[in-house]
1. Does any residue of region A:132-141 turn out to be in a helix (DSSP H, G or I), closer than 16 Å to residue A:318 by Cβ and either more than 14 Å from chain B (Cβ to nearest Cβ) or polar (S, T, N, Q) (or both)?
2. What are the residues in region A:25-47 that are more than 14 Å from chain B (Cβ to nearest Cβ) and modelled with pLDDT of 95 or more, if any?
3. If I ask for residues that are assigned to a helix (DSSP H, G or I), touching a strand residue (DSSP E or B) at 6+ places or on another chain (Cβ under 9 Å) and of a type in the set (A, V, I, L, M, F, W, C), which ones from region B:227-266 would you list?
4. Taking interchain pairs and intrachain pairs at least six residues apart, which have beta carbon atoms under 8 angstrom, with the first residue in region A:96-115 and more than 10 Å from residue A:134 (Cα to Cα) and the second acidic (Asp, Glu)?
5. Please pick out the residue among B:147, B:196, B:219 that is within 25 Å of residue A:41 (Cα to Cα), at pLDDT 95 or above and crowded, with 17+ Cβ neighbours inside 10 Å.
6. When region A:283-299 is examined, which residues are found to be buried (at least 24 other Cβ atoms within 10 Å of the Cβ) and facing another protein chain (nearest Cβ under 8 Å)?
7. For region A:312-333, what are the residues that are acidic (Asp, Glu) and surrounded by fewer than 24 Cβ atoms within 10 Å (Cβ to Cβ)?
Amino acid sequence: MAETQPSRAATGAVAARPDQLGHFGVFGGRWVPETMMATLDQLASEYAAVRDDPAFRAELDGYLRDYVGRPTPIYLAERLTAAAGGARIWLKREDLCHTGAHKINNALGQILLAKRVGKSRIIAETGAGQHGVATATAAALFGMPCVIYMGALDTQRQALNVARMRLLGAEVRAVDAGSRTLKDAINEAFRDWITNVEDTHYIFGTAAGPHPFPMIVRDFQRVIGDEARAQFLERNGRLPDAVVACVGGGSNAIGMFCPFEGDVPGVRLYGVEAAGHGIETGLHAAPLSVGSPGVLHGALSYLLDDEAGQVTEAHSISAGLDYPGVGPEHSFYRDAGIAQYVAITDQEALDATQQLARSEGIIPALESAHAVAYALKLAAEMGEGDILVNLSGRGDKDMGILVDALGLQKD
Amino acid sequence: MGRLQSIFEACAARGERVLVPYITAGDPDLAATAALLPALAAGGADIIEIGVPFSDPLMDGPTIQRASHRALAAGTTPHGVMATVAQARAGLGCGLIYMVPFNLVWRYGLERFAVDCAQSGVDGVLITDLPPEEADDWQAAADAHGVETIYLLAPTSSPERIRLAAARATGFIYLISRRGVTGVQSSVPTELADLVAGIRAQTAVPIAVGFGIATAQQVAQVCAVADGAVVGSALVDRLAAAADSDARVAAAETMIRELKAGTIIS
């Protein structure tokens, strides 16, 4: 059973990582063309100035409370637990956040940062569209023009989110290069940023990319884990035995994990990657499971690439996990043994979606369904104890895919 | 003095600046590259910059993105590029450098890449996403095998960053002329002279300017203030428009001859 000690993370261990140049152990850093260095330096110093500023924190906390609806609850999924037949499954309800996913936590934090430093234009990339919607929402809230880059394939898979972004006043630019998914949207957003850096802030959506993005995104997302840890302690007088979150770039997972870092190994951390059609088929998005360290989008981290170093296409039914790279702190966690990384197939995620919908009346985002699917396996394996799952988003945006995959239109 | 710097000196002695044409290796295939290298040299290229195609060319505009795509579609690999260049090298009097993203060098093996560059007669390497802060391992391998390292500087580089690159640069410094990605532009930025002067104050290493330079007139404007000019997208566009292999080779030589005229300063 886990002990009820204060989180080491809260007392500074995480604050000491990354180093000055953005390294998490050997991972991370700033592997970018010189054209971006001044911009990243500027962002790092701007962020350093607001990071511990109580006025900034208070402003952000106000929006998180009144606009996002924080704190989000933790919920004991009793019928899901009964179905799994083992450890109790708790859900951290990020799906209840305004806009439907955890992405808004970071989008608001970064737009407040942008506003502070006088940037007047916002750009972002998006995969599933959740970060794009969150950014478009934040831009609408602050009356700033906003351009969202999205892979052309993703604009088809997530047409509803494209419409939402447009309704919110954002310009959505479909990116037709490469695999036409998230990585190509990131390339294009960086190109825009390099060109327009004077007036533009790039709200990077995941805990990847060059320093200081992995740190900034982690810091703005750690509210998930800070809340969940305190809520679980208050409810149970102890900590959960396991914490589970899905990992694409890894923003919801790092936000969930980092406050529990000091509780390892009493609390076990599981990051769930997308196994797509199955790891053995090669059609997956699981760099931490089967990739090797390489450099993409400005950071050294685990990566899916071929023997020549060309980045390979990732595959997942979930657009938000469909990324060949991963945030550098997860690579650090993996190699340091702080978290374990596992993978769940498209089919397992679909099954978990149905199971959660029918047993609890909660339709998860397909991304989050990967975490639920692994929690179901883990619960049965553990037999008893408590598993805390980050339900990072809700499934409304995935209805088009679910209609096709589950045959929901048949009579 | 390294071979690249001696090329700059030799040009200066002739009253010229250095012309650095860029092509993407393997665009549209490596046979084309093998035919283009001697044509570029014959046209008057002083140093040829050979781009090794990458799946995710972050720094490049549409022209070079498309070139990379064509090259990868033809199955171009770093080992294939190295073999092609090694074979073409004997007939070329000019300097040769690679422009390559770090991940390709990393997978090749830093040491192995440096060794193979040295053995194929590649004089220098510009790793596009390798800032001086991360460059220790590469530079050790490159220095050990006599391969020069070219660093990028940008209009936004602080004096501190200029010092950092200047302290390490062994071939020349590649000054990016403007914000943004590679691609043809209609004018040379007016503040270029100041940018070059700012770097000159820190180092004696030659300075070549690239990004957005397309015409002999622009080459001349750049060469009025810097030691050399890099022409990339405009050349890649011209080559891509050629009807066949012979036309491509002829276009390469003709265009370089036109551009080279812009480097004559006396």
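1. yes
2. A:25, A:47
3. The answer is B:235, B:236, B:239, B:252, B:255, B:256, B:259.
4. A:109/A:219; A:112/A:59; A:113/A:46
5. Checking each option against the conditions leaves just B:196.
6. A:295, A:296, A:297, A:298
7. The answer is A:313, and nothing else.
This table checks each residue for (1) in a helix (DSSP H, G or I); (2) closer than 17 Å to residue B:233 by Cβ.
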| residue | (1), (2) |
| --- | --- |
| B:19 | no, yes |
| B:34 | yes, no |
| B:99 | no, yes |
| B:122 | no, no |
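The values are calculated or read from the model by the stated rules, or taken from the named source; none is laboratory data. This one's a predicted model, so the numbers in the text were calculated from it and none came from an experiment. Ideal geometry is used to build each Cβ from the backbone, glycine not excepted, and the neighbour counts take in all protein chains shown.
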